Structure formats: structure tokens, C-alpha cells
Amino acid sequence: MASSEGPSASAAEGADASTLPKVPIGKEIAPGLAPSAVIKGCWQLAGGHRGDRSTDRTTGKAAVEDFQPFVNAGITTFDTADIYGPSESLIGDYLRKTKDRPPVQVFTKCCFFGSSQQNVSLQAVEQKIDLSRQHLGVDSLDLVQMYWQDYSVRNYVKAAQALQALQEKGKIRAVAVTNLATKQLEEMVSAGVKIAANQVQYSLLDRRPENGLVDFCQKHDISLLPFGTVGGGFLTDKYLGVSADQASKTINTYSLQKYANTLGRVGSWDWLQELLTCLRSIADKHSTDVANVSSKWVLQRPTVAAIIIGARNANHVEDHRRLFTFELDGEDLATIDVVLAKGRKPQGDVSVS
């Protein structure tokens with residue numbers, strides 16, 4: 001097996017990855033670990049996601065082939081998990097079948113649910129990590145993000161320490177966490193665990209990271225890797241000018257319901273329309289779209305290194321590249337702040353549903 005990070009040579013003929021910046025994370029604990037500023041989220045590969053079958057490229061050979069356009073566009077980091085069905089294996093197939101190994105980094109997760117939260121011995125955790133290494137076909141996992149289901153089971157620090165021990169053995173380049181609240185993150189750091197990043201939901205609709213987590217991460221040089229930057233699609237042109245009744249007919253998946261609940265905690269549908277109108281005006285100014293303005297707002301927040309964007313196929317990779325053709329200036333940010341102030345301040349920490 002080989003490392004998933006290959007040489008810096010072009011991923012394929014005609015590839016131009018130079019337009020997307022690479023942002024270092026875990027500088028002291030994992031020198032050279034620098035994901036692309038847009039990360040391809042691979043939870044769609046878990047299966048069971050509803051979508052147009054004519055454009056769905058989330059299974060089998062089609063899924064493997066669909067990685068290359070992302071790499072060619074400079075999106076050279078993939079985010080997956082040990083619980084995302086065949087996702088790790090599909091990425092592994094891509095890495096193995098690519099003639100010239102692309103400069104790809106793979107960020108995976110080590111998830112603890114139920115009984116696995118009780119048994120966090122080094123041996124048990126190492127078995128989980130070895131399985132991910134086997135699926136991906138690599139000697140060392142670039143980044144392992146620990147997910148912990150139930151904080152009342154207080155073995156999460158021990159589990160993180162086991163991951164750090166595996167980092168010292170060379171099986172992991174860097175340890176990170178996902179959806180970890182500030183208090184639990186502080187416990188890990190106080191116990192000497194070196195955390196490179198925390199993957200969290202963060203958007204104009206979900207600003208809970210600003211309730212203490214951002215400040216803590218800045219203090220301890222922990223990067224944020226946000227997902228959900230377009231609020232499940234609510235922060236796109238798709239919903240501009242759409243009535244609440246019309247929108248309710250499209251909220252037909254668990255994911256969309258989750259983001260609808262997120263919206264409900266911070267503002268009304270009328271408030272969302274005011275926010276979308278504001279974002280559309282800024283998008284016009286920068287010759288882009290509402291989704292990119294929404295994502296750029298997150299990218300420009302303190303300690304955010306990169307954003308994770310889920311994609312059923314590679315149709316929108318050029319849109320993602322356009323994120324780096326503009327910057328939100330002070331006037332843009334102030335205008336957005338005015339609308340945000342009309343909504344409700346988000347309550348609680350990131351892991352609170």
C-alpha cells in the first residue's frame with residue numbers, strides 16, 4: 001500500500017489544479033497536510049440518497065470515474081468516513097486505477113456508536129483504522145476525524161488518545177474530530193491530544209460555531225472544516241422568490257428536513273427571502289451566484305481552512321472554482337450582517353441538534 005498523497009505532478013493531461021488554493025492545517029503535527037480549499041464530500045456515496053438517476057454517479061464504475069474531473073479542477077481532497085457505505089473502497093479503486101497517482105489527500109472518519117463507545121482499547125481502534133487503510137489501499141491515512149455519538153459515555157478522550165498513538169505508529173498523519181462541541185474538544189486538548197481540525201456544520205443559517213468554538217480553535221491552532229455552507233440548498237438561487245408553501249413540497253428528505261429545522265431556529269421564511277435578496281445583490285456585484293456568496297462567507301470566517309461540498313456528480317466543479325474569483329469586501333459583509341441581525345441568534349454548541 002502507498003500513501004494517498006502522491007507526487008505533485010499533474011493528475012491527468014490538461015489538469016489545472018493551480019487555481020484552487022491549498023490551505024495548511026495541523027502545521028506542527030502534520031507538516032505538508034494542506035487540503036484544497038474546496039473538499040469533495042463523499043457521503044453521497046453511502047447510498048440511499050434520493051436523486052435524478054440520469055445524473056447520479058454515486059455507485060460503481062461511474063462513481064470511480066467521477067473523481068477525476070474534481071481533481072482536474074483542483075479539488076484534490078476527498079472527505080469520507082468508515083460509515084459511508086462503499087465510499088472508502090470507491091476512493092481506493094480510484095487511487096489504484098489511476099495510472100499516474102494524483103496528488104490527492106483523503107480525509108476519513110473513525111466513528112463511534114453504541115458498543116464501540118465502550119471498547120476503545122488501542123487494539124479495537126487500530127482494527128477500525130486498519131480497515132479504512134485496507135479499503136483505501138494506503139499505508140497511512142492523511143487525516144482521521146473522530147466522531148462520537150453520545151457524550152454521556154465518557155470514553156471520547158481515551159479514543160482520541162488511541163488515535164494519536166496510531167499517529168505515532170505512522171498509520172495516521174493527523175488526528176481531527178467532527179461535530180465535536182467546545183467542552184469535549186477542550187478536554188481532549190487538555191489531555192495532550194493534538195487536534196488538527198474540527199469538521200462542523202457552519203453557514204449563514206447555522207452560526208453555532210461562533211458560540212465559543214471559533215475562539216477556542218483560534219487559540220489552539222485548530223482549523224475548521226465546515227460542511228452545509230449552502231444550508232442544504234436553502235442558501236441558493238433555487239429558493240429565491242419561492243413561497244413557503246412551494247418550498248414545503250420540496251422538503252422530502254431527512255437532510256432537507258434537518259436544514260429546514262436549522263432555518264426555523266434562526267428566522268422565518270420571510271427573513272430567508274430577505275437574506276437571499278441581499279445575497280443575490282452581492283452575487284450580481286461579483287458576477288457569481290447565491291451559493292458561491294454563501295460559501296465564500298464561510299470561507300472568509302476566522303480559522304476556516306476549507307469547506308466541504310457534497311456533490312452527486314462533477315457537473316458543478318467549474319462553479320466551485322469560481323469561489324476563488326472574488327472576495328467579499330467590507331461593504332458586502334456589513335450588508336449581510338444587517339440582515340443576520342434581524343434573525344435570531346443561534347443558540348448552543350455545534351453538536352447540539
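The values are calculated or read from the model by the stated rules, or taken from the named source; none is laboratory data. This structure is a prediction, so every number in the text was calculated from the model and none was measured. Heads up, the Cβs are rebuilt from the backbone with ideal geometry, glycines too, and the neighbour counts pull from every protein chain shown.
What to note about this one:
One line per residue, one yes/no per condition, for (1) touching a residue at least 40 places away in the same chain (Cβ under 8 Å); (2) within 24 Å of residue 40 (Cβ to Cβ); (3) assigned to a loop (DSSP other than H, G, I, E, B):
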position: 218; (1), (2), (3): yes, no, no
position: 221; (1), (2), (3): yes, no, yes
position: 238; (1), (2), (3): no, yes, no
position: 241; (1), (2), (3): no, no, yes
position: 246; (1), (2), (3): no, no, no
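- Among the conditions (1) under 20 Å from residue 39 (Cα atoms); (2) buried (at least 23 other Cβ atoms within 10 Å of the Cβ); (3) not β-branched (Val, Ile, Thr), residue 213 misses just one, which is (1).
- Taking the numbered list (1) loosely packed, with under 14 Cβ neighbours inside 10 Å; (2) modelled with pLDDT of 90 or more in turn, residue 80 passes all entries but (1).
- Subset of the range 99-120 [free of Cβ contacts under 8 Å to residues at least 40 places away in the same chain and either assigned to a loop (DSSP other than H, G, I, E, B) or β-branched (Val, Ile, Thr) (or both)]: 99, 108, 113, 118, 119
- Here residue 293 meets each of (1) surrounded by fewer than 19 Cβ atoms within 10 Å (Cβ to Cβ); (2) free of Cβ contacts under 8 Å to residues at least 40 places away in the same chain; (3) farther than 22 Å from residue 348 by Cα with one exception, condition (1).
- Residues being modelled with pLDDT of 80 or more, surrounded by 15 or more Cβ atoms within 10 Å (Cβ to Cβ) and in a loop (DSSP other than H, G, I, E, B) - total across the range 22-44: 9
- Number of positions in the range 115-142 that are touching an Asp or Glu at 6+ places or on another chain (Cβ under 7 Å) and small (Gly, Ala, Ser): 1
Table: residues versus (1) among the aromatic types (Phe, Trp, Tyr); (2) surrounded by 15 or more Cβ atoms within 10 Å (Cβ to Cβ); (3) farther than 29 Å from residue 28 by Cβ.
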| residue | (1), (2), (3) |
| --- | --- |
| 181 | no, yes, no |
| 187 | no, yes, no |
| 197 | no, yes, no |
| 219 | no, no, no |
| 230 | no, yes, yes |
| 284 | no, no, yes |
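Conditions tested, residue by residue: (1) under 21 Å from residue 21 (Cα atoms); (2) of a type in the set (Ser, Thr, Tyr); (3) in contact (Cβ under 8 Å) with a residue 60 or more places away in the chain.
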{"residue": "309", "(1), (2), (3)": "yes, no, yes"}
{"residue": "318", "(1), (2), (3)": "yes, no, yes"}
{"residue": "321", "(1), (2), (3)": "yes, no, yes"}
{"residue": "324", "(1), (2), (3)": "yes, no, yes"}
{"residue": "327", "(1), (2), (3)": "yes, no, no"}
{"residue": "331", "(1), (2), (3)": "no, no, no"}
{"residue": "342", "(1), (2), (3)": "no, no, yes"}
{"residue": "347", "(1), (2), (3)": "no, no, yes"}
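- Considering residues of the range 119-142 that are of a type in the set (S, T, N, Q) and at pLDDT 95 or above only, the residue surrounded by the most Cβ atoms within 10 Å (Cβ to Cβ): 132
- Test for residue 196: is it touching a Gly at 6+ places or on another chain (Cβ under 9 Å) and of a type in the set (A, V, I, L, M): yes
- Unmet requirement for residue 326, which otherwise passes all of (1) assigned to a loop (DSSP other than H, G, I, E, B); (2) surrounded by 21 or more Cβ atoms within 10 Å (Cβ to Cβ): (2)
- Test result for residue 275, buried (at least 20 other Cβ atoms within 10 Å of the Cβ) and farther than 24 Å from residue 73 by Cβ: yes
- Conditions (1) crowded, with 23+ Cβ neighbours inside 10 Å; (2) in contact with an Asp or Glu (Cβ under 7 Å, 6 or more places away or on another chain); (3) under 22 Å from residue 29 (Cα atoms): number failed by residue 145: (2)
- All positions within the range 279-315 that are assigned to a helix (DSSP H, G or I), modelled with pLDDT of 95 or more and either in contact with an Asp or Glu (Cβ under 6 Å, 6 or more places away or on another chain) or within 17 Å of residue 38 (Cβ to Cβ) (or both): 282, 283, 290, 291, 292, 293, 294, 295, 296, 297, 298, 299
- Scope the range 248-260; condition free of Cβ contacts under 8 Å to residues at least 12 places away in the same chain and either exposed (fewer than 15 other Cβ atoms within 10 Å of the Cβ) or of a type in the set (S, T, N, Q) (or both); matching residues: 248, 249, 250, 254, 257
- Test for residue 106: is it β-branched (Val, Ile, Thr), in contact with a Ser or Thr (Cβ under 7 Å, 6 or more places away or on another chain) and within 23 Å of residue 43 (Cα to Cα): yes
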